[in-house]
Amino acid sequence: MQKTQALAAMIVLGGIGPAGSEVKKTVIELPVPALNSDDSAGGILVAELNGDGKPDFLVTRRGHVAAMDNGGKKLWGLGIDIGVTSQSESNGLPGHNGPGIGAGDLDGDGRPEVIFPVRDGSIEILDGGSGKREAIVRPPVPEGAERWDLAMVADFRGNGDHDVLLQATNKGGYRTGRYLAAYGYEALRKGGPPLWTMDDYVGCAHNGARLADLDGDGRDEVLG
């Protein structure tokens, strides 16, 4: 199917004032390739990418990843078969409007990385500011899964965002993200062992796992 060019109009709302007051809004038009107007695969992730201290935008569609700065100016774009999906129950995560991408300073060099699974089973790691490839990794996939569906930046060891959580769905029947694997970033890059794995995670069937430091110990918990 031939790709067409589309404009995604993103509305950014300002702080909410007193009741009845006007809400300040900014419209940022992001040029993104689209298969068709009703294709729900792909989404937007907000992350600081270019080092100016302002939040930027990662936009994903089938076959495409792009980064825009805080004002909507394109930083880089890449044609690649990123693992975004529509209906997660039959096609796997991330599901409708899920961006299928993560971002954070994984290697601690002060510059963010972008990480995402590709449909061939590999996981791409890019420089967030330029889109230049830093690594391709192929961690072992659980026996009951087709591939890793999601890669999320995490802090499991209390050392900052230097860890990665991978999630996969079962490859047959009603698909849910039951498989998890947590890696330190260096181990993931070098083909080392995971911090831990799980094959019976139960969360929302239509969304990926979530990460947050729920108990205030400086390390992320997984929830969903």
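A few comments on the model shown:
- Conditions (1) at positive phi; (2) buried (at least 16 other Cβ atoms within 10 Å of the Cβ); (3) not acidic (Asp, Glu): number failed by GLY216: (2)
- The residue that is farthest from GLY203 (Cα to Cα), among those in segment 74-103 that are buried (at least 22 other Cβ atoms within 10 Å of the Cβ) and small (Gly, Ala, Ser), is ALA103.
- Failed condition for ALA34, given (1) among the hydrophobic types (A, V, I, L, M, F, W, C); (2) at pLDDT 85 or above; (3) farther than 13 Å from GLY128 by Cα: (2)
- Qualifying positions in segment 48-87 - aliphatic (A, V, I, L, M) and either part of a loop (DSSP other than H, G, I, E, B) or over 19 Å from ILE123 (Cα atoms) (or both): LEU49, MET68, LEU75, ILE80, VAL84
- Residue in segment 106-129 that is under 18 Å from ARG175 (Cα atoms), of a type in the set (Ser, Thr, Tyr) and surrounded by fewer than 22 Cβ atoms within 10 Å (Cβ to Cβ) present: no
- MET68 meets each of the listed conditions (1) buried (at least 18 other Cβ atoms within 10 Å of the Cβ); (2) at pLDDT below 95; (3) closer than 16 Å to ALA209 by Cα apart from (3).
- Qualifying residue in segment 88-101 (condition: touching a strand residue (DSSP E or B) at 6+ places or on another chain (Cβ under 9 Å), assigned to a strand (DSSP E or B), touching a residue at least 24 places away in the same chain (Cβ under 8 Å) and within 26 Å of TYR183 (Cα to Cα)): no
- Of the criteria (1) crowded, with 18+ Cβ neighbours inside 10 Å; (2) of a type in the set (Ser, Thr, Tyr); (3) farther than 27 Å from PRO55 by Cα, which one THR197 fails: (1)
- Selection from segment 105-132 of residues that are within 23 Å of GLU146 (Cβ to Cβ) and more than 13 Å from the chain's Cα centre (by Cα): ARG119, ASP120, GLY121, SER122
The values are calculated or read from the model by the stated rules, or taken from the named source; none is laboratory data. On a predicted model such as this, the values are computed, not experimentally measured, just so you know. Virtual Cβ from ideal backbone geometry, glycine too; neighbours counted across all protein chains shown.
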